[in-house]
1. Give the range 13-57 a look and list any residue that's charged (D, E, K, R) and in contact with a helix residue (DSSP H, G or I) (Cβ under 6 Å, 6 or more places away or on another chain), or say none.
2. Please note which helices (runs of 4 or more DSSP H) are completely contained in the range 197-259 and include at least 2 residues that are open to solvent by less than 10 Å² (accessible area, probe 1.4 Å) and out of contact with any strand residue (DSSP E or B) (no Cβ under 8 Å at 6 or more places or on another chain).
3. Is at least one residue of the range 108-118 closer than 21 Å to TYR248 by Cα, out of contact with any helix residue (DSSP H, G or I) (no Cβ under 7 Å at 6 or more places or on another chain) and open to solvent by 50 Å² or more (accessible area, probe 1.4 Å)?
4. Based on what the data block shows, is LYS94 at pLDDT below 95, charged (D, E, K, R), under 25 Å from SER8 (Cα atoms) and open to solvent by 30 Å² or more (accessible area, probe 1.4 Å)?
5. If you check every pair at least six apart or on different chains, which have Cβ atoms under 8 Å apart with a residue in the range 112-141 that is more than 18 Å from HIS98 (Cβ to Cβ) first and a residue that is among the hydrophobic types (A, V, I, L, M, F, W, C) and part of a loop (DSSP other than H, G, I, E, B) second?
6. Is it true that some residue in the range 280-291 is more than 16 Å from GLN199 (Cα to Cα), touching a residue at least 12 places away in the same chain (Cβ under 8 Å) and surrounded by 15 or more Cβ atoms within 10 Å (Cβ to Cβ)?
7. Check LYS301 against each of (1) out of contact with any Lys or Arg (no Cβ under 9 Å at 6 or more places or on another chain); (2) of a type in the set (D, E, K, R); (3) assigned to a helix (DSSP H, G or I); (4) over 25 Å from PRO213 (Cβ atoms) and name the one condition it does not meet.
Amino acid sequence: MLHVPYGSPMIDLCHALKKQGIDATACHFTSNHYQFEPDLCLNLENLSKHEREQKLSEFLNEAIAEYDIFHFHFGESFFPDKRDLETIKRAGKKMVMHHHGSDVRIFAVARKLNPHIRVKPEWTEKKIRQNLQVLSNYIDHAFIQDYELYPYIQPYYKEIHIIPHTLDISRIQPVYPEAKKVPLLVHAPTRRDLKGTEQIVKAVNQLQREGVPFQFQLIEGMTYEQTKEWLSKADIVIDQLRIGAYGYVSTEAMAYGKPVICYLRKDVSNKYPPGLPIVNADPGNIKKVLKDLLNSPNKWKDLGMQGRRYVEHTHSPEVVANQYINIYKKLF
């Protein structure tokens, strides 16, 4: 099985599949500043356009000879025009697509569900719809991590599977926050506009001017290891205020035993497994929610312990990998 071409969640999933006896390879097309370590990286950023095309064509032929299932991520395949899908299908190989967010989040649909939503401008509605149409012509099965993305892809795929992302919690030791006079608050945006960073910084500044004691660390431009180090040291972690679902940062923060603030759409939060302890906040109430949590140090450790238990039950490699394996078996 070949997974291409995404980041850390894909790598953790491949590791989990390997532990269950599946021959899975995580492949990145380019290197990344987060220093994720896939099984294979083609380093296409070092090649000219012609050389990239040639290397991808050669790798595609090698992959078809070696792998039975192609698990694509983020609406991508080997080539932007998706001409490889016909080749893979003609070779009798199986394909699944894994959507993660901006690759399917159509603004015209999103704003009816979520008044706070922002989308990446490069993923226009026309681009997303055309991409989904092409993909679903060749691929019947799609994966998403929760119901937030379901409305966008439901009209296209024959089968949609909702499986939480996996996290290797054996590598994360929880450090539960204790009550202290000056707690550390951490926020790690990948895209400020999508995560509501402006509203978070505004709330932080207002609370500090009002004399509420805490430190604030904005995590940007750091390696994955540096990010994890800050999450480990944090007392409270804020994920995002606009998307409406929790992501990888929330999962890692809960694994570290931290209280997490994140915006969850009501219709989405009702469908999560029981026991999710995320403190819900949006751009309109983040200051109040944050102030209440900062002023309730007796809740921090309990929320952290609940979060760790939730991740162990919902995102552990064994639990998640077996769900994927059950779907893979149905492809044949």
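The values are calculated or read from the model by the stated rules, or taken from the named source; none is laboratory data. If you're wondering where the values come from, they're calculated on a predicted model, not measured in any experiment. Cβ: placed from backbone, ideal geometry, glycine included. Neighbour counts: every protein chain shown. Side chains included, ligands, DNA and RNA excluded: accessible areas come from the protein's heavy atoms. Shrake-Rupley method; radii C 1.70, N 1.55, O 1.52, S 1.80 Å.
1. Here is the first cut: in the range 13-57, the residues charged (D, E, K, R) are 18-19, 23, 37, 39, 45, 49, 51-53, 55.
Within the range 13-57, just ARG52 meets the criteria.
2. On the way: elements: 197-209, 224-233, 248-255.
In the range 197-259, 197-209, 248-255 are the helices (runs of 4 or more DSSP H) which contain 2 or more residues that are open to solvent by less than 10 Å² (accessible area, probe 1.4 Å) and out of contact with any strand residue (DSSP E or B) (no Cβ under 8 Å at 6 or more places or on another chain).
3. First, pick out the residues of the range 108-118 that are closer than 21 Å to TYR248 by Cα: 110, 114, 116-118.
Checking the rest, the ones that are also out of contact with any helix residue (DSSP H, G or I) (no Cβ under 7 Å at 6 or more places or on another chain) come to 110, 114, 116.
With open to solvent by 50 Å² or more (accessible area, probe 1.4 Å) added as a condition, the list becomes none.
Checked against the condition, which is being closer than 21 Å to TYR248 by Cα, out of contact with any helix residue (DSSP H, G or I) (no Cβ under 7 Å at 6 or more places or on another chain) and open to solvent by 50 Å² or more (accessible area, probe 1.4 Å), the range 108-118 yields no hits at all.
4. It is false that LYS94 is at pLDDT below 95, charged (D, E, K, R), under 25 Å from SER8 (Cα atoms) and open to solvent by 30 Å² or more (accessible area, probe 1.4 Å).
5. As it stands, the answer is ASN114/ILE243; HIS116/LEU241; ILE117/ILE243; VAL119/ILE106; GLU125/ILE106; ARG129/ILE106, since those pairs meet every condition given.
6. First pass over the range 280-291, keeping only residues more than 16 Å from GLN199 (Cα to Cα): none.
For the range 280-291, residues more than 16 Å from GLN199 (Cα to Cα), touching a residue at least 12 places away in the same chain (Cβ under 8 Å) and surrounded by 15 or more Cβ atoms within 10 Å (Cβ to Cβ): absent.
7. (4)
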